[in-house]
Amino acid sequence: MAGQAIHLKKEILVRIIKAFLSDDFEEQTRLIPYSMRPKGMEVPYRCCIYKERAIIKDRTIAGLGFPIEEDDETVSLATYAKKAMERKEISDKNLTVLQAACKGCATNRIYVTDLCQGCVARPCTTACKFGAISIVNGRSVIDDSKCKKCKMCVNACPYNAIVKISVPCEDSCPVGAIKKDETGFASIDYDKCINCGRCTVACPFGAVHERSQIVDILKAIKSKKKVIAMIAPSIAGQFPGTIYQLKTAILQAGFDDVYEVAQGADITANTEAKEFVERMEKGKNFMTTSCCAGYNQLIKKHLTEIKPYVSDTKTPLYYTAELVKKELPNAVTVFVSPCVAKRAESFENKNVDFVMNYEELGALFVAKKIQITELEETKYTVESSKQARNFGVTGGVVESVKASLRDEEAIRPFVINGLNKDSIRQLKKFATSGCCDDGCNMVEVMCCEGGCIGGNATINNQKTAKKQLETLLNDSKDIDKI
Amino acid sequence: MAKVTVKVCLGTTCFVMGGNNLQELNDIIPEKYGDKVEVMGSNCLGLCSINWEYSKAPYVKVDEEVVTEATVEKVLEVIDKKLA
């Protein structure tokens with residue numbers, strides 16, 4: 001995401017947490033837009049300071065966990081803060097659009113610019129298969145009602161005079177779930193949305209927000225209950241310091257214990273390896289992984305035909321949360337997540353109470369002034385394997401299943417590195433034909449490019465995150481064979 | 001001429017607020033300036049804790065000059081000015 005938009009979102013999270021930790025949460029929350037844009041300040045982005053404050057207010061509403069769309073502007077942030085404190089339930093609608101920010105975006109269309117020379121050859125008119133282009137006053141004109149946005153004319157014009165006007169959120173969505181409606185505002189169709197979070201990153205105005213559960217988590221920490229953090233494998237590389245220092249930092253932030261979800265990833269890998277062997281013995285051609293929450297949403301909403309080929313093995317989070325709740329039935333469990341899709345998965349899993357993404361955890365460290373690199377290390381009760389800790393990198397899951405088998409050659413992997421229109425089409429083809437390309441028999445699907453380290457709520461760039469992760473992998477043991 | 005020293009803050013706040021991209025400086029600076037400029041990571045420079053100034057993170061120090069909301073471009077600009 002554009003650097004400033006993400007900076008702004010994080011700053012608001014820090015301020016909400018600071019407000020919570022102060023002695024007057026409601027009043028301090030009400031003041032957030034005024035503290036960030038005090039009277040007389042130079043206006044950084046919008047037309048005036050009042051609009052800046054209005055937009056910051058909307059972003060704060062999302063940070064408090066409420067949908068911005070339902071705000072009628074009369075309710076003060078103090079009231080929202082109060083409502084957040086009283087809230088018992090969280091919603092399954094994980095995203096919310098700040099429509100006041102998205103209005104500046106033009107509609108998705110193909111447009112002929114002034115560079116059109118009105119040439120004799122007119123390659124655009126021949127390239128268009130839908131008869132949408134005609135010549136008016138010696139220039140090409142597109143009839144929007146006929147145009148299918150195929151971009152054939154864009155590619156055909158020798159003057160590069162025809163352009164596609166993009167709507168970044170629409171372009172980024174692999175399933176067409178976010179659209180600008182007739183009023184020009186973007187809105188999300190939750191029946192289609194797979195919660196991949198791509199739109200939150202793509203929008204240059206930072207208009208799409210995750211509905212944060214940070215207040216609910218802080219409330220649980222403040223209560224007498226035990227609160228357990230379960231950190232996703234991709235977290236290694238997201239913060240300075242080691243994952244052992246990170247554990248100390250999370251404990252200092254108020255959690256009672258920290259589990260690596262990689263612990264569950266070891267179970268997932270071993271279970272999936274057994275399942276793979278069974279399926280192959282039954283004569284199946286291929287099996288796909290089942291641990292990516294975005295992919296699971298895709299299967300449910302758009303790709304039911306692939307169901308018979310999807311592994312029945314549960315996700316690393318599932319096994320970890322089950323374990324924690326067995327050991328500590330009254331504990332509140334918080335999954336620390338790289339993406340919004342895991343919010344959807346967690347909502348359906350009674351063993352996971354809340355989700356906090358990496359940005360929110362980072363904001364909590366900032367608000368509490370925790371310096372990770374200066375802390376002592378704390379060991380985990382169970383040390384996870386190298387392969388499990390690499391679960392969040394593209395190719396890592398199928399590698400771990402492979403490493404679980406004595407005959408590693410039995411697996412011929414096919415890796416889907418990121419869901420997009422092409423890879424979804426490919427998966428559809430595998431499902432309908434009943435076999436995978438190139439004689440492969442195990443398909444790993446990760447919704448985000450690069451894997452979970454490319455998740456929408458990650459902090460570090462992939463290159464440096466990977467470098468940091470590799471240091472940890474080098475010191476980790478190999479996975480058990482089945 | 002004295003060497004220019006660049007300190008990139010590796011404190012939690014700077015990292016969380018966008019400091020990760022500054023790690024590129026470790027490659028860019030030696031390549032561009034050779035041994036005229038020295039770049040190093042630094043523990044928290046303590047700049048974020050003064051008066052809510054975390055919102056100006058990430059920070060980089062070029063000799064004694066503090067670069068706020070630091071980006072690779074901003075830091076290089078300050079170095080160029082020092083060397084000119």
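Can you tell me which residue is nearest to the other protein chains (Cβ to nearest Cβ) among those in region B:67-77 that are among the hydrophobic types (A, V, I, L, M, F, W, C) and surrounded by fewer than 19 Cβ atoms within 10 Å (Cβ to Cβ)? Lay out the reasoning, then the answer.
Taking region B:67-77 and keeping what is among the hydrophobic types (A, V, I, L, M, F, W, C), we get B:67, B:70, B:72, B:75-76.
So of that shortlist, the ones also surrounded by fewer than 19 Cβ atoms within 10 Å (Cβ to Cβ) come out as B:72, B:76.
Working: B:Val72: 11, B:Leu76: 16 Å.
Filtering first and then ranking leaves B:Val72.
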Say whether the condition of being farther than 23 Å from A:Asn195 by Cα, surrounded by 15 or more Cβ atoms within 10 Å (Cβ to Cβ) and within 14 Å of chain B (Cβ to nearest Cβ) is met by at least one residue in region A:68-89. no
Considering A:Ile299, A:Ile306, which residue is under 23 Å from the mean Cα position of the chain (by Cα), without any contact (Cβ under 8 Å) to a residue 24 or more places away in the chain and surrounded by 17 or more Cβ atoms within 10 Å (Cβ to Cβ)? A:Ile299
Screening A:Ser346, A:Ser337 for residues that are of a type in the set (Ser, Thr, Tyr) and touching a Phe, Trp or Tyr at 6+ places or on another chain (Cβ under 6 Å) leaves only A:Ser346
Of the residues in region A:235-255, those that are more than 17 Å from B:Met17 (Cβ to Cβ) and in a helix (DSSP H, G or I) come to A:Ile235, A:Ile243, A:Tyr244, A:Gln245, A:Leu246, A:Lys247, A:Thr248, A:Ile250, A:Leu251, A:Gln252
Among (1) outside any loop (DSSP other than H, G, I, E, B); (2) closer than 19 Å to A:Thr107 by Cβ - the single one A:Lys146 does not satisfy: (1)
Note on A:Phe130: of the conditions (1) within 22 Å of A:Ala106 (Cβ to Cβ); (2) part of a strand (DSSP E or B), unmet is (2)
Of the residues in region A:1-27, those that are more than 14 Å from every other protein chain (Cβ to nearest Cβ) and of a type in the set (A, V, I, L, M, F, W, C) number 2
Could we say that A:Ala465 is surrounded by 13 or more Cβ atoms within 10 Å (Cβ to Cβ), within 14 Å of chain B (Cβ to nearest Cβ), within 30 Å of B:Leu10 (Cα to Cα) and in contact with a strand residue (DSSP E or B) (Cβ under 6 Å, 6 or more places away or on another chain) here? no
Does region A:418-428 contain any residue that is at positive phi, outside any helix (DSSP H, G or I), in the same structural domain as A:Thr288 (by TED's automatic domain parsing) and surrounded by fewer than 17 Cβ atoms within 10 Å (Cβ to Cβ)? no
Identify, by number, the condition in (1) buried (at least 17 other Cβ atoms within 10 Å of the Cβ); (2) under 30 Å from A:Ser223 (Cα atoms); (3) free of Cβ contacts under 8 Å to residues at least 40 places away in the same chain that A:Glu327 doesn't meet. (1)
For B:Tyr33: the one exception among (1) of a type in the set (Phe, Trp, Tyr); (2) within 14 Å of B:Thr68 (Cα to Cα); (3) more than 8 Å from chain A (Cβ to nearest Cβ): (2)
(1) over 29 Å from A:Cys435 (Cα atoms); (2) crowded, with 20+ Cβ neighbours inside 10 Å: which one isn't true of A:Thr313, the others all being true? (1)
Could you tell me which of the residues A:Ile61, A:Ile56 is under 14 Å from A:Ser76 (Cα atoms), among the aliphatic types (A, V, I, L, M) and within 14 Å of chain B (Cβ to nearest Cβ)? A:Ile56
Of (1) surrounded by 15 or more Cβ atoms within 10 Å (Cβ to Cβ); (2) in contact (Cβ under 8 Å) with a residue 24 or more places away in the chain; (3) within 9 Å of chain A (Cβ to nearest Cβ), B:Asn20 fails just (2)
Residue check, B:Asp80 against (1) part of a strand (DSSP E or B); (2) away from chain A (no Cβ under 13 Å), all met but one. Which one? (1)
List every residue pair whose Cβ atoms sit under 7 Å apart, with the two residues 6 or more apart in sequence or on different chains, where the first one lies in region A:36-59 and is in contact (Cβ under 8 Å) with a residue 12 or more places away in the chain and closer than 17 Å to A:Lys10 by Cα and the second, anywhere, is hydroxyl-bearing (Ser, Thr, Tyr) and assigned to a helix (DSSP H, G or I). A:Arg53/A:Tyr34
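Pull up region B:45-66, narrow it to residues that are more than 14 Å from chain A (Cβ to nearest Cβ) and buried (at least 22 other Cβ atoms within 10 Å of the Cβ), then point me to the one that is nearest to B:Cys14 (Cα to Cα). Outline the logic, then answer.
Taking region B:45-66 and keeping what is more than 14 Å from chain A (Cβ to nearest Cβ), we get B:60-66.
Among the residues that remain, those that are also buried (at least 22 other Cβ atoms within 10 Å of the Cβ) are: B:60, B:62.
On the way: B:Val60: 9, B:Val62: 16 Å.
Among residues in region B:45-66 that are more than 14 Å from chain A (Cβ to nearest Cβ) and buried (at least 22 other Cβ atoms within 10 Å of the Cβ), the one nearest to B:Cys14 (Cα to Cα) is B:Val60.
The values are calculated or read from the model by the stated rules, or taken from the named source; none is laboratory data. It should be emphasised that the depicted structure is a prediction, and the values quoted were computed from it without experimental measurement. Note that we place each Cβ from the backbone using ideal geometry, even for glycine, and neighbour counts take in every protein chain shown.
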